[in-house]
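The values are calculated or read from the model by the stated rules, or taken from the named source; none is laboratory data. A quick note: this is a predicted structure, and the numbers were derived from the prediction, not measured. Here the Cβ positions follow ideal geometry from the backbone for every residue, glycine too, while neighbour counts run over all protein chains shown. The area values use the complete protein model at the heavy-atom level, side chains included, leaving out ligands, DNA and RNA. Shrake-Rupley method; radii C 1.70, N 1.55, O 1.52, S 1.80 Å.
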Amino acid sequence: MKQTFATLLHSHINACMSLDRVMEGIEKPSYASQGDLAFPCFSLAKVKKKSPHHIALQLAGKIESPLFEKVVANGAYVNVFLNKRVVSERVMKTILKQEETYGSHSFGKRNTVTIDFSSPNIAKPFSMGHLRSTVIGNSLAHIAEKCGYRVIRINHLGDWGTQFGKLIVAYHRWGDESEVRADPIPQLMKLYVKFHEEANEDSSLEEEARQWFKKLEAGNQEAHRLWTWFKEESLQEFTKIYDLLGIHFDCHHGEAFYNDKMNETIDQLAKKGLITQSEGAEVVDLASFNLPPCLIRKSDGATLYATRDLTAAIYRQQKYKFTKALYVVGEEQRLHFQQVFAVLKQMGYEWAANMEHIPFGLILKNGKKMSTRKGKVVLLEDVIDEAFQLAKKMIEEKNPTLRNKLEIAKQVGVGAIIFQDLKNERQNNIEFSFKNMFTFTGATGPYVQYTYARACSVINKANVDSFKPAGLNDTYSWDVIKILLEFPPMIKSACIDNDPSKIAKYVLKLAQAFNKYYTHVQILADDDEQPDRLSLVKSVTIVLKEGLQLLGIQAPKEM
């Protein structure tokens, strides 16, 4: 509709403004009473030496299309009122024909994007603190695929570092093998917390931990045995969580994978003359980027996160030939990624310009950051289980004869958790509140899922197999149609801005408009417009389901 309006406008002002600029200038009026599309004439006034209102009057009298009910001048604006029946017919036919491909784009075609997300630390529980990276990254992957990209999902596991030295010390001093084998992750977490409590009183523990990590790096048999055991137990635990969330990865290479590859990276830096000495350590000067030096290797020879991320980036480019690379990691790592990207640019890698850090805020508990080392965490598995139990209880109360109750309860519980996160601007902090995420009213996942199930129920009651819309022109259906129209450009915007909250807010908006339609219109009334109303309902089910899928949320047909 916007393209048609822009093309017609441009045919009358082509000497003054390009078609792209006309498209950019078209906006949505502030009030529905002013129309559906509007074009401001202020910039034309400067060229034509006429008042904006005069130009608007002239243009309004020249623009005609079957898509437009009327075109009027409103002050300095040319305002278009779309033909409800014609436009609604076209929108519904398009959605019903394209189904789940509606809203797809091809601008990412033949391009690859790597998305580094989730990346929990081995031997630590999967807490609510890990949720944000996991669900944001998963949604971005779905959105990128919707826009034509080949997506490589990467779980860069935290399976190396001094924390393993600490854990080995804690296990040797206070651990019990039978207890750890019986309940691995909670027991390992207790040991990790105890280490930090004891280290506050005895600083020698920190040095002992560093020595054990050095042994691990040197290939010590006992250190490697414990590290392997802790890692295997953690991966089993993580897999359970990912299965519950419906998330998969294409690559699980963690930090340890790059141990034998980092020397090559350091050699490259040295050959390019980028490494300088600073207090015995090796650094890359980044003054030209207005950044502090990037530490590559400490004075004791130990490498750092930056060394690994540089190595990982080079490896991924060689393996996947990515067009762009996204790192879904918390806001506190902003400087780290600025340094890593800057070093890669200094190394001469042009593809480094297409690497992007996707930061996000924290999940807070009582206004404070969750901390594994202090034991102040909310375990994601516990939250999922509680959500599942609540959903099951509500189903038993409201719809006890529902088929597949347990599976639907899981879908609703997980959906509540994911939606509570993704509806927020990703860079904002979120206060963890189970109460706020689990209700069938308001801005929640269960509300959107219930709306989808309600729409599916209408279709089932109608018992129709085919849909042949001829168009609608009532106010309530028009409100829904206009939102359905917004789906394709909204997906493009969410992809470009790496912002899943746009999808979450969209499905919420569509659900609210449909529920208003459902309340005020007798959809199943036996009259000539019933096929059109059912076509609208079917269109809503297609878009709601696809929108939820882009968030990583399932859409049960019954609730």
Computed over segment 468-524: relative contact order in percent, which uses C-alpha pairs under 8 Å that are six or more apart: 43 percent
Structure-derived volume of the Cα convex hull per residue in Å³ - corresponding label in (1) 160; (2) 189; (3) 144: (2)
Angle in degrees between helix 162-174 and the longest Cα principal axis of the chain, rounded to the nearest 10: 60 degrees
Calculated FRET value between Met23 and His224, using beta carbons and R₀ = 56 Å, to 0.05: 0.40
Length released on extending from Lys48 to Leu524, taking residue separation times 0.36 nm less the Cα-Cα span: 166.0 nm
Percentage relative contact order, the chain, counting C-alpha pairs under 8 Å, at least six apart: 16 percent
Residue-wise HN-Hα coupling along segment 210-218, computed from phi with Karplus coefficients 6.51, -1.76, 1.60 (Hz; x: Gly, Pro): 5, 5, 5, 5, 4, 4, 4, 5, 7
Probe 1.4 Å - accessible area at Thr303, Å² to nearest ten: 40 Å²
C-alpha long axis of helix 84-98 to longest principal axis of the chain, angle in °: 40 degrees
Share of Cα-Cα pairs in segment 171-265 lying beyond 17 Å, as whole percent: 63 percent
Cα-based helix-to-principal-axis angle, 501-520 vs the chain, degrees rounded to 10: 40 degrees
Highest-first arrangement of 275-282, 411-418, where packing means the average Cβ count within 10 Å: 411-418, 275-282
FRET efficiency for Glu350 and Ser299, using Cβ-Cβ distance with R0 set to 45 Å, rounded to 0.05: 0.85
Loop sites in segment 17-114: trypsin sites (Lys or Arg not before Pro), DSSP, at most 10 other Cβ within 10 Å: Lys49, Lys109, Arg110
Nearest-0.05 FRET efficiency for Asp176 and Leu335, computed from C-beta distance (R0 30 Å): 0.15
Segment 215-232-segment 390-465 distance, computed between alpha-carbon centres (Å): 44 Å
When each of Lys146/Lys240; Lys319/Lys410; Lys46/Lys509 is checked by Cα-Cα distance, pairs over 29 Å: Lys319/Lys410; Lys46/Lys509
Residues of type aspartates and glutamates that Lys271 reaches as a straight line, Cα spacing below 12 Å, ignoring anything fewer than 8 places off in the same chain: none
Over the chain: helical MRE at 222 nm, DSSP H runs n ≥ 4 each giving -39500 (n - 2.57), nearest 500: -17500 deg cm²/dmol
Gained length - Thr7 relative to Phe434, 0.36 nm times residue gap less alpha-carbon distance: 148.7 nm
